[in-house]
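This report refers to the structure that appears directly beneath it.
Read-outs throughout are calculated quantities, based only on the coordinates presented, and are distinct from any laboratory measurement. Predicted model only: the values in this text are computed from it and were never measured. Neighbour counts are summed over all protein chains in view; Cβ atoms, including those assigned to glycine, are modelled from backbone coordinates with ideal geometry.
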Amino acid sequence: MTCKYVSFLGIVACSLFGMTVVLNAEQNGLVNRVGKRLPADAAPLERQVYRYMAREPETLDVSVALARAENSEFLFERLLLFDQNNDLIPGAAERWDVSEDGLTWTFHIRPNSRWSDGRPVTAQDFEYTFRRLLDPSVGNRLAFLYYDIKGAQAYNTGGNTPPVDLGVRAVDDLTFQIMTEKPSPFIPYLAAFQGSSPVPAWQVEKYGRRWTDAGNCVSNSSYLLVDWRAGDRITFELNPGYSGPNKGSVERMVEIFTVPGSAQAVLAYENNEIDRTSVTVEDIDRIRRDPVLGKQLYTFPYFATTYLIMQTQQEPFNDVRVRQAFAHAIDREALCRVVHRGMHQPAYSMLPSGFSASAGDKYKSAQVYNPSRARRLLQEAGYPEGRGFPHVEFFITGKTSREVQAIQNMIKQVLNVDIDIGTLESRALGERMYNYEVPMTLLSWWFDYPDPHNMLTAPWRSRPKGFGRQDWIHPAFNDYVDRAAHELDPEKRLAMYDQAERILSEEVGGIFLYHRYAFDLRKPWLKGIKKDRMGFYPYLEHNSNVWFDLYIGATD
């Protein structure tokens, strides 16, 4: 074996990645430290190291700060997990069931499961977790996702003391229950959502917000935190105490800190310093043309939608005709083809193709590019050829992108309306959105779990200021999604969501731009990613079992 030092990231890259000898795992007894037998084409255990890049996490406290955990969600085994098809599989719970009235979901915790410090994983851990993520003093921005749990909304929005009858309880050490006011068929999906990751109460109470620091972090999955070098990298290794069904394959995962998909990340990939990186529009054409990289490029639909939000309760966007005019002024086909180099699919409604209850192009006419209709609507709203249109500021974070400039130019060209672009720091923009103080901005919603309750209700149902990012209110939409959330008949339920999506598109709660696709570069020796039922090889952080199936092959 020969090795060379690669100064770019200060890591060792070995020529073993060029080996052509296949070691037979069965003959050599290739079993890793959690007892998982690796496939026959797996490289030796010392090479079972998966290297990737991500922004440095602010915390690993996934259940209350998911957006700041940065690709480390696999540390915690939730009650249930998603497989490569986004179907539910057992996690910390070996099975689950629901009462006849649909109000009580019972999760049966796997016996003999352990935290990485050796303590047993119990139903009490999950009761503590759910109570904590709803605690208003914790400031969990995603607490609203759990409001269908009995007493959750009242506690999170108004109470200081958790009610005794909050609908989460440990019946005994191995039985955890979630209770709702009305039947809520999406609860198992919520149990598999990354934000439902369990936390060890004894570590939280001892270290507070620093409980996930190196030396303090206790986890319950197949991996544990072993090292965190600020500004450099974080290292995870197999947890020898894990005995559950979702055992990891690679011995070690190394998360190197940088911006995923950046020029730095792509260069590191080309230098064999990492095994996978996402790809952005800046590099896509070069990669597609490259005879080597082009063969290592994977694409897959990611259930995410990018859209514009406006202050719909303030002039001028309180007039639906203005919102419709703006929607018809934007050429999504050109935006996807030219600006995004064919990396995304034009969107005219919220739910992406393949997602449950997706309308596809059914409501395309409500927001399709139509300059003449856009001008007519703006004239009917009292702004002929844009005359008299008030000053509107389009807030973004960072420098102005080609995408924002393209939208600005389309609105100017079609409607003769000038939109000014303003810049805010990310946290400041977020706070202003929650206070409904952003006239116009660009947002994306990535699905949390594969149910329309998440992609329609969560971002679009009207909520009090401080609990949602946009101020659109439509009573009929609210009624449809509220009733759908508690409807047990699948056909009736999906029909309600379909009507809700129709209203959202036609009334322009938001201007939908595109459904996102993800593009990855993956080394030939990175194996174990299973094809989903649509024929893609996903690499979705939502699917924790995909992380666990990864292994390094002995050849490419």
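Highest mean first, what order results for 389-395, 76-82 on Cβ atoms within 10 Å?
Values: 389-395: 15.6, 76-82: 25.7.
By packing density, highest mean first, the sequence is 76-82, 389-395.
For segment 222-229, just list the computed ³J(HN,Hα) in residue order, Karplus coefficients 6.51, -1.76 and 1.60, θ = phi - 60°, integers in Hz, with x standing in for Gly and Pro.
Calculated HN-Hα couplings, in order: 6, 10, 9, 7, 10, 7, 9, 9 Hz.
If we count other beta carbons within 10 Å of each Cβ, what is the order of GLU501, GLU251, GLU437, fewest first? Mind showing how you got there, number by number?
Details: GLU501 25, GLU251 20, GLU437 14.
So the residues, fewest neighbours to most, are GLU437, GLU251, GLU501.
Please give the per residue volume of the convex hull enclosing the alpha carbon atoms of segment 294-390, rounded to a whole number of Å³.
Cα-based convex hull of segment 294-390, divided per residue, equals 125 Å³.
If you take every residue apart from SER184 with its C-beta less than 13 Å away from the C-beta of SER184, what net charge results, scoring Lys and Arg +1 and Asp and Glu -1?
It works out to a net charge of -2.
Given labels modelled 7 Å from the Cα in the Cβ direction, how far is it in nm from ASP97 to ALA495?
The answer from the label model is 3.1 nm.
Any idea what the dipole of the chain comes to, in debye rounded to 20, about its Cα centre with Lys/Arg Cβ at +1 and Asp/Glu Cβ at -1? Don't skip to the end; give the middle numbers.
Values: 62 positive and 69 negative charges, 202 e Å.
Here the size comes out at about 960 debye.
If Rh is defined by the Kirkwood formula over all Cα pairs and Rg also comes from Cα, what ratio Rg/Rh do you get for segment 301-516?
Working: Rg = 16.5 Å, Rh = 17.5 Å.
Answer for segment 301-516: 0.95.
Evaluate E = 1/(1 + (r/R0)^6) for VAL320 and LYS531, where r is the Cβ-Cβ distance and R0 equals 56 Å; express this FRET efficiency to the nearest 0.05.
0.80
Among 358-368, 440-450, how do they line up from the highest to the lowest mean number of other beta-carbon atoms within 10 Å? Display every interim value, and only then the final one.
On the way: 358-368: 17.5, 440-450: 19.4.
Order by mean packing, descending: 440-450, 358-368.
So between ARG286 and ASP213, what do we pick up on full extension, going 0.36 nm a residue minus the alpha carbon distance? Working shown, then result.
Details: separation 73, 0.36 × 73 = 26.28 nm, distance 3.94 nm.
Here the answer is 22.3 nm.
Can you give the extra length, in nm with one decimal, that the chain gains between ARG33 and GLU437 once fully stretched, where that is 0.36 nm per residue apart less the Cα-Cα distance? Can you show the working numbers first?
Numbers: separation 404, 0.36 × 404 = 145.44 nm, distance 5.25 nm.
Here the answer is 140.2 nm.
With viscosity set to 1.306 mPa s at 10 °C, what whole-number translational diffusion coefficient in µm²/s follows for segment 97-218 from Stokes-Einstein and a Kirkwood radius over Cα pairs? Intermediate results must be reported in sequence, preceding the final value.
Values: Rh = 15.1 Å.
The Stokes-Einstein estimate is 105 µm²/s.
I'd like the Kirkwood hydrodynamic radius of segment 223-305, using the inverse of the mean 1/r over distinct C-alpha pairs, in Å.
On the way: mean 1/r = 0.0659 Å⁻¹.
Answer for segment 223-305: a Kirkwood hydrodynamic radius of 15.2 Å.
Net charge near ASN246, counting Lys/Arg +1 and Asp/Glu -1 over other residues with Cβ under 12 Å of its Cβ? Don't skip to the end; give the middle numbers.
Working: positive: LYS36, ARG78, ARG110, LYS247; negative: GLU77, ASP83, GLU94, ASP549.
Net of charged neighbours comes to 0.
Between VAL259 and ARG337, what's the calculated FRET efficiency when r is the beta-carbon distance and R0 is 25 Å? Round to 0.05.
Values: r = 25 Å, r/R0 = 1.01.
The pair VAL259/ARG337 has a calculated efficiency of 0.50.
Using the basic label-point model (7 angstrom from Cα toward the beta carbon), what is the THR299 to SER353 distance in nanometres?
1.1 nm
Antiparallel DSSP bridges in the chain: what percent, to the nearest 5?
Values: 60 of 73 bridges.
Of those bridges, close to 80 percent are antiparallel.
Work out Dmax and Rg for segment 411-556 from the C-alpha atoms and quote the Rg first, both in angstrom.
For segment 411-556, the Cα radius of gyration and maximum Cα-Cα distance read 20.0, 60 Å.
In what order do GLU385, GLU100 fall by count of nearby beta-carbon atoms within 10 Å, going from fewest to most? Don't skip to the end; give the middle numbers.
Values: GLU385 12, GLU100 6.
Least to most surrounded, the residues fall as GLU100, GLU385.
Net charge around LEU224, counting only other residues with Cβ within less than 15 Å of its Cβ (Lys, Arg = +1; Asp, Glu = -1)? Numbers along the way, then the final one.
Details: positive: ARG33, ARG114, ARG119, LYS247, ARG252; negative: GLU73, GLU77, ASP117, ASP213, ASP227, GLU237, GLU251, GLU255.
So the surrounding residues net to -3.
Over the chain, what is the relative contact order in percent, taking alpha-carbon pairs closer than 8 angstrom and at least six residues apart?
20 percent
Tell me, ARG33, ARG502 in order of fewest to most beta-carbon neighbours within 10 Å?
In increasing order of surrounding Cβ atoms, one gets ARG33, ARG502.
Given the rule -39500 (n - 2.57) for each run of at least 4 DSSP H residues, summed and divided by the residues of the chain, what is its mean residue ellipticity at 222 nm, to the nearest 500 deg cm²/dmol? Could you put the intermediate results ahead of the total?
On the way: 14 runs with 129 residues, N = 556.
Rounded to the nearest 500, it is -6500 deg cm²/dmol.
Multiply the residue gap between GLN345 and LYS182 by 0.36 nm, knock off their C-alpha separation, and tell me the result in nm, one decimal place. Before the final figure, lay out each step's value.
Details: separation 163, 0.36 × 163 = 58.68 nm, distance 3.65 nm.
Contour length minus Cα-Cα distance gives 55.0 nm.
What is the P(r) of the chain, as percent of Cα-Cα pairs per 20 Å bin from 0?
For the chain, the binned pair fractions read 20, 52, 26, 2 percent.
Between ASP420 and LYS362, what is the label-point separation in nm under the 7 Å Cα-to-beta-carbon projection?
4.2 nm
Restricting the count to DSSP beta bridges whose residues both fall in segment 301-516, what percent are antiparallel, rounded to a multiple of 5? Show your work: numbers first, answer last.
Values: 14 of 21 bridges.
Rounded to the nearest five, the antiparallel share is 65 percent.
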